[in-house]
Amino acid sequence: MSLQNVCRKGNAFNLLNVSRKVQCRTLSAAVANPQPKQKNSQNIVLVDGVRTPFLTSGTSYSKLMPHELARHSLLSLLQKNSLDKELIDYIVYGSVIQEVKTSNIAREAALAAGFSNKTPAHTVTMACISSNAAITTGMGLIATNTYDVIVAGGVEFMSDVPIRHSRKMRSLLLKANKAKTLGQRLALLSTFRPDFLAPELPAVAEFSSGETMGHSADRLASAFNVSRSEQDEYALRSHTLAKEAQEKGYFTDLVPFKVSGVDQIVDKDNGIRVSSPESLAKLRPAFVKPYGTVTAANASFLTDGASACLIMTEEKAKQLGLKPKAYLRDFLYVSQDPVDQLLLGPAYGIPKLLKKSGLTLKDIDSWEIHEAFAGQIVANLKALDSEWFCKTYLGLNEKVGSPDLSKWNNWGGSLSIGHPFAATGVRLCMHTANRLVREDGKLGVVAACAAGGQGVAMLIERYPGATAD
């Protein structure tokens, strides 16, 4: 498939055409007194968002704990918007590979950042779309009039993942802890075998199938006839665009971090590397050997990072004197076969979101799609442009078509910027909001796949007078 523009810019979108929004209808006035508190029918806005620099695992963040990264994003969000901690009603944070000492990392990060112990916080997990889940959870809390001001975000820390003893060793240790006599302890010791010491390492693999995501990406690329050269071409595009955006100062969501024990201030993503087609072609397959097409260069890399964003009603933002970046107009989640369609979340989510909102591809000015693998991205594009796929799996009468790639991930994506699993969703939303300003667009779509065969699609609208700072 040629990575060329296939759609022309459509007419401006009339908000009256939106069939369903993330709003709640007010309760009937006929309800007898005393009336329950009415649901919130106001616009929900994305005021601002920040993220730490995204770093390859094992680099400058390696001696931190994940809640420290999350703490920095929380504090930076408040400082950037001159907001008092007491104004935050609730915190929702995402995390995937969890540090067992801080399993509710939302609460631990909030306390470490100095938030009141009266501010509730909980942690969500939905693989690569965890911070999307955090944002939409916050939207639900606002829509039901439960809270007014929500901080949502996510953190991932791959430099120090939990490595467990084997099941046999864990069982032995638990039994030893309950043993009361020397005889009981010696009897347990006699059952020990050397293979008990084999550790259990966390893997980016599906529990239901046992297959690693890289293997699934290779199979998906093969199923949609995505060539190695197409994948390398897309990966090079991602790194090139990310480098250009970085040099132009477009990553205004990024907040520098002075890491204890590190001499220089961490102030940029360190995974962006523009190579040559010849260099990419020399790399060997990373998963399916020797004939696979997914390599270390056309796959996203293990990343450390955290993000946080501020959402509230438009009215509340005006009361606080804050200038939002965007309206959060709509969202939905999808799920499908985790074996053969693990990474097709965007292909399922985008058509449903467009139909739900009364839109077409031409109405979208900015696409921000999570890049797990270059092959996954190209496969999703081919799926959307396949009449057979759209009729067979989406139940449509015709193909969706191919989005205009001149509006697609114009600042790079997860392949180049990095992908801290639970932090990426906020980055996608912030890059959408800021791109809409810089590219003079109105509507943007965020979409991503996730482990378990799940996915998300979100509709974001530029706020009048928004800036990209």
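Data for the structure
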{"quantity": "Residue satisfying all of: in region 141-157; under 15 Å from the mean Cα position of the chain (by Cα) and not β-branched (Val, Ile, Thr); farthest from Phe301 (Cα to Cα) among these", "calculated": "Ala152"}
{"quantity": "Scan of region 289-321 for residues that are assigned to a loop (DSSP other than H, G, I, E, B), open to solvent by 50 Å² or more (accessible area, probe 1.4 Å) and aliphatic (A, V, I, L, M), ordered by number", "calculated": "Ala296, Leu320"}
{"quantity": "Subset of region 96-127 (residues that are open to solvent by less than 10 Å² (accessible area, probe 1.4 Å) and either under 24 Å from Val204 (Cβ atoms) or modelled with pLDDT under 95 (or both))", "calculated": "Ile105, Ala106, Ala109"}
{"quantity": "Gly183, sole failed condition from (1) open to solvent by less than 30 Å² (accessible area, probe 1.4 Å); (2) of a type in the set (Gly, Ala, Ser); (3) over 16 Å from the mean Cα position of the chain (by Cα)", "calculated": "(1)"}
{"quantity": "Among residues of region 234-265, those that are part of a helix (DSSP H, G or I) and surrounded by 18 or more Cβ atoms within 10 Å (Cβ to Cβ), counted", "calculated": "10"}
{"quantity": "Near pairs, Cβ below 9 angstrom, 6+ apart or cross-chain, from region 325-345 (within 28 Å of Pro464 (Cα to Cα)) to any residue that is open to solvent by 10 Å² or more (accessible area, probe 1.4 Å) and among the aromatic types (Phe, Trp, Tyr)", "calculated": "Lys325/Tyr463; Ala326/Tyr463; Tyr327/Tyr463"}
{"quantity": "Flag for Gln231 being farther than 30 Å from Glu387 by Cβ, in a helix (DSSP H, G or I) and not charged (D, E, K, R)", "calculated": "no"}
{"quantity": "Exclusive hit being open to solvent by less than 10 Å² (accessible area, probe 1.4 Å), at pLDDT 95 or above, of a type outside the set (D, E, K, R) and in contact with a Phe, Trp or Tyr (Cβ under 7 Å, 6 or more places away or on another chain), set Ala347, Ala374", "calculated": "Ala374"}
{"quantity": "Single unsatisfied condition, Glu247 versus (1) touching a strand residue (DSSP E or B) at 6+ places or on another chain (Cβ under 8 Å); (2) under 26 Å from Trp411 (Cα atoms)", "calculated": "(1)"}
{"quantity": "Neighbours by Cβ (under 9 Å, 6+ apart or cross-chain): first from region 389-411, farther than 22 Å from Asp365 by Cα; second surrounded by fewer than 19 Cβ atoms within 10 Å (Cβ to Cβ) and among the acidic types (Asp, Glu)", "calculated": "Cys390/Glu398; Lys391/Glu398; Leu396/Glu387; Glu398/Glu387"}
{"quantity": "Some residue of region 398-409 being of a type in the set (Gly, Ala, Ser) and touching a Ser or Thr at 6+ places or on another chain (Cβ under 8 Å)", "calculated": "no"}
{"quantity": "Selection status of Asp337, assigned to a loop (DSSP other than H, G, I, E, B) and of a type in the set (D, E, K, R)", "calculated": "yes"}
{"quantity": "Helices (runs of 4 or more DSSP H) enclosed by region 345-415 - at least 2 residues per element that are over 24 Å from Ala296 (Cα atoms) and of a type in the set (Phe, Trp, Tyr)", "calculated": "387-392"}
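The values are calculated or read from the model by the stated rules, or taken from the named source; none is laboratory data. Model, not experiment: these values are computed from the prediction. Glycine gets a Cβ as well: all are built from the backbone with ideal geometry, and neighbour counts include every protein chain shown. SASA here: full protein model, heavy atoms, side chains in, ligands and nucleic acids out. Shrake-Rupley method; radii C 1.70, N 1.55, O 1.52, S 1.80 Å.
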